[in-house]
1. Could you grab the pairs with beta carbons closer than 6 Å, sequence gap of 6+ or different chains, first residue in the range 158-175 and among the β-branched types (Val, Ile, Thr), second one assigned to a helix (DSSP H, G or I) and at pLDDT 90 or above?
2. Would you check if Ile194 is surrounded by 19 or more Cβ atoms within 10 Å (Cβ to Cβ), touching a residue at least 60 places away in the same chain (Cβ under 8 Å) and touching a Phe, Trp or Tyr at 6+ places or on another chain (Cβ under 8 Å)?
3. With respect to the numbered conditions (1) more than 24 Å from Gln45 (Cα to Cα); (2) part of a helix (DSSP H, G or I); (3) touching a helix residue (DSSP H, G or I) at 6+ places or on another chain (Cβ under 8 Å); (4) among the aromatic types (Phe, Trp, Tyr), which one is the sole condition not fulfilled by Phe211?
4. Having 2 or more residues that are at pLDDT 95 or above and surrounded by 24 or more Cβ atoms within 10 Å (Cβ to Cβ) is the bar; report the strands (runs of 3 or more DSSP E) wholly within the range 1-63 that clear it.
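The values are calculated or read from the model by the stated rules, or taken from the named source; none is laboratory data. All of these numbers come straight from a predicted model, not from anything done at the bench. Cβ placement follows ideal geometry from the backbone for every residue including glycine, while neighbour counts extend to all protein chains displayed.
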Amino acid sequence: MEKHFLISQWNLRIPCILTQPEDGDIRRVVLGVHGLGGSATDEIQSSLAEEMELFYSATLRFDFPSHGENPMDDSAFTLRNCVDSLLAVARWAKERFPQVEDLCVFATGFGAYVTLIALRELLELPGKVKLVVQTPSVRMHETLLAMKNITREEFWALGEITIRGKRPFTIPYSFYQELQDNVALTTYPIPILILHGEDDAYIRRSDIQQFRRINEQSKLVIIPGVSHRFLEPGAWDMVLDLTRDWFEFEQVLCCDWE
């Protein structure tokens, strides 16, 4: 069962999609957080919702400003607005499903970065947070340059760049500076499952390994032969299996592969 609706909070308008089984108890609530240029209807987010529904989970997906069906214009695409959007959706989920203790979050790329920046505020909500980050952009300002194949000096000279996802939008140099001032390569107070492709061209494996070392409770799975978007055959099935295990048991069967 799927429901589309809008959350309005502060200056934000956030399109959301709630997917849940039509019968049976809801065992967990999963937030799906998309990447840069993506949306709540991405194949990754949609298939996550379908998979979680089979295991009596409600999945709540949403669009960041300037993404998908979000009605806000490009000026609203700031790190703080993205963080506040995530927090607003998380609070809505807690109010909608007060009987569910765990808030599970699956976040990819830029969405993983935003989730890490917001994590301490998420942990202030009632209950427990379980987190899976796929290709987390822990140095998002560097990932942005790598995705556009430009230098910081070139970005400064241009003044802005265009992200050509399903919904093209512009990013000013001031947003790059905001990212530069907020690096997610730090220690967090909960275990985190980190999924990373061996052949990721945008995020350095050394950054991911450093993130794992300073977060000793966490688990790192580097998947051989897989690129940034996990489009290789079998890669997404592995992600779903690992994500289910983490949300259910907060552990995975395979060992760290570095």
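1. Ile161/Lys148
2. Judged against the criteria, Ile194 is a match.
3. Result: Phe211 passes all but (3).
4. 28-33, 57-62
Yes or no, residue by residue, for (1) on the phi > 0 side of the Ramachandran plot; (2) surrounded by 15 or more Cβ atoms within 10 Å (Cβ to Cβ); (3) aliphatic (A, V, I, L, M):
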site: Ser75; (1), (2), (3): no, no, no
site: Asn81; (1), (2), (3): no, yes, no
site: Leu87; (1), (2), (3): no, yes, yes
site: Ala90; (1), (2), (3): no, yes, yes
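Each row is one residue, and each column tells you yes or no for (1) modelled with pLDDT of 95 or more; (2) within 15 Å of His34 (Cα to Cα); (3) in a helix (DSSP H, G or I).
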{"position": "Pro71", "(1), (2), (3)": "no, no, no"}
{"position": "Cys82", "(1), (2), (3)": "yes, yes, yes"}
{"position": "Ser85", "(1), (2), (3)": "yes, yes, yes"}
{"position": "Ala88", "(1), (2), (3)": "yes, no, yes"}
{"position": "Leu116", "(1), (2), (3)": "yes, yes, yes"}
{"position": "Leu131", "(1), (2), (3)": "yes, yes, no"}
{"position": "Trp156", "(1), (2), (3)": "yes, no, yes"}
